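Trainee: Got a structure here, written out as structure tokens. Questions coming.
The values are calculated or read from the model by the stated rules, or taken from the named source; none is laboratory data. None of the values given here were measured: they were computed from a predicted structure. Neighbour counts are summed over all protein chains in view; Cβ atoms, including those assigned to glycine, are modelled from backbone coordinates with ideal geometry. The area values use the complete protein model at the heavy-atom level, side chains included, leaving out ligands, DNA and RNA. Shrake-Rupley method; radii C 1.70, N 1.55, O 1.52, S 1.80 Å.
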Amino acid sequence: MGVFWKDRQRNFLGANQYFLDYYGLTLPEVIGHNDDELGLNVHPENFQESEMQLLEDGVPVKERGKTRSRGRIREIMILKAPVYDQDQIVGLIGFFMDITNTSKQINRLENEAARDDLTSLKNRHNFARDFNYLTGKPILAMMLDVDHFKKFNDNFGHRYGDEVLKKISQALLKIYGIGHCYRYGGTNSWCSATLLILTRLRKKTGSSGKNWNMPGSWIFT
């Protein structure tokens, strides 16, 4: 398993021998550089975005992506977690493994375990895990419940109700991203339409009071 660690600027501070052998690099070639400079990843913007969010929110990230290993395109799974010093995030540590030969099976199992199959939002299991990491930090939690949702199902059928949930979920994902949106209501209930948005408060504006500028240009006072 490959292991690496980075500072807040996403520059490598170190890596284990597996990492170096996997990419055909030496430690001096790695330290002080980031993935983009070393040309490790096929789509570096995806890894960059997730790492920046981790360094801001402190929520561990598990993701997959394509990487270049000694001239070959391979698929890897990576787990990244924040590194703290006196309650401040000072960097991250990552672990990865090559899943090129088992990616399809892993993808199916991961989706079944982590996502609500109707809305594609994170499920309650993911919510419980993320909430534990955000405990003690300033966060905003918004719970949305669709008015008269049972009437949609009773009058037009469950398939129509499903489409209502899908449309709302797609709008939430477009504004807040998959990292913050959950289907919180009991997923075994046809009449459940409770959705949850959970995100850290990021920016205080104004000279008085606490006005927080949230994603999607919503301001909460």
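Trainee: When you scan the range 77-121, how many residues do you find that are modelled with pLDDT under 85, out of contact with any Lys or Arg (no Cβ under 7 Å at 6 or more places or on another chain) and either closer than 27 Å to PRO138 by Cα or open to solvent by 80 Å² or more (accessible area, probe 1.4 Å) (or both)?
Mentor: Residues that pass the stated criteria total 8.
Trainee: Condition first: part of a helix (DSSP H, G or I) and either more than 12 Å from TYR182 (Cβ to Cβ) or without any contact (Cβ under 8 Å) to a residue 40 or more places away in the chain (or both). Now tell me which residues in the range 125-141 satisfy that.
Mentor: Scanning the range 125-141 gives HIS125, ALA128, ARG129, ASN132, TYR133, LEU134.
Trainee: Scanning for something more than 30 Å from LEU20 (Cα to Cα), touching a residue at least 24 places away in the same chain (Cβ under 8 Å) and touching a helix residue (DSSP H, G or I) at 6+ places or on another chain (Cβ under 9 Å), does the range 109-116 turn up at least one residue?
Mentor: yes
Trainee: Which numbered condition in (1) modelled with pLDDT under 90; (2) among the basic types (Lys, Arg); (3) touching a Lys or Arg at 6+ places or on another chain (Cβ under 9 Å) is the only one that ARG74 fails?
Mentor: Answer for ARG74: the failing condition is (1).
Trainee: On the given criteria, is LYS6 in a strand (DSSP E or B), surrounded by fewer than 14 Cβ atoms within 10 Å (Cβ to Cβ) and in contact with a helix residue (DSSP H, G or I) (Cβ under 9 Å, 6 or more places away or on another chain)?
Mentor: For LYS6, the condition - in a strand (DSSP E or B), surrounded by fewer than 14 Cβ atoms within 10 Å (Cβ to Cβ) and in contact with a helix residue (DSSP H, G or I) (Cβ under 9 Å, 6 or more places away or on another chain) - is not met.
Trainee: Evaluate the following for VAL42: is it open to solvent by less than 20 Å² (accessible area, probe 1.4 Å) and either over 23 Å from the mean Cα position of the chain (by Cα) or over 30 Å from GLN86 (Cβ atoms) (or both)?
Mentor: No.
Trainee: Please indicate, with yes or no, whether at least one residue in the range 55-76 is assigned to a helix (DSSP H, G or I) and either surrounded by 16 or more Cβ atoms within 10 Å (Cβ to Cβ) or of a type in the set (S, T, N, Q) (or both).
Mentor: yes
Trainee: To continue, here is another question. If I filter the range 11-29 for residues that are open to solvent by 50 Å² or more (accessible area, probe 1.4 Å), farther than 30 Å from PRO138 by Cβ, of a type outside the set (A, V, I, L, M, F, W, C) and touching a residue at least 40 places away in the same chain (Cβ under 8 Å), do I get at least one hit?
Mentor: For the range 11-29, residues open to solvent by 50 Å² or more (accessible area, probe 1.4 Å), farther than 30 Å from PRO138 by Cβ, of a type outside the set (A, V, I, L, M, F, W, C) and touching a residue at least 40 places away in the same chain (Cβ under 8 Å): absent.
Trainee: A further question on this structure: Only one of these conditions is not met by GLU49: (1) under 23 Å from GLY177 (Cβ atoms); (2) free of Cβ contacts under 8 Å to residues at least 60 places away in the same chain; (3) open to solvent by less than 90 Å² (accessible area, probe 1.4 Å); (4) of a type outside the set (A, V, I, L, M). Which number is it?
Mentor: With respect to (1) under 23 Å from GLY177 (Cβ atoms); (2) free of Cβ contacts under 8 Å to residues at least 60 places away in the same chain; (3) open to solvent by less than 90 Å² (accessible area, probe 1.4 Å); (4) of a type outside the set (A, V, I, L, M), GLU49 is out only on (3).
Trainee: Can I ask one more? Kindly indicate the residue of the range 142-151 that is open to solvent by 90 Å² or more (accessible area, probe 1.4 Å) and in contact (Cβ under 8 Å) with a residue 40 or more places away in the chain and also farthest from GLU163 (Cα to Cα) among those meeting that condition.
Mentor: Only one residue fits best here, namely MET143.
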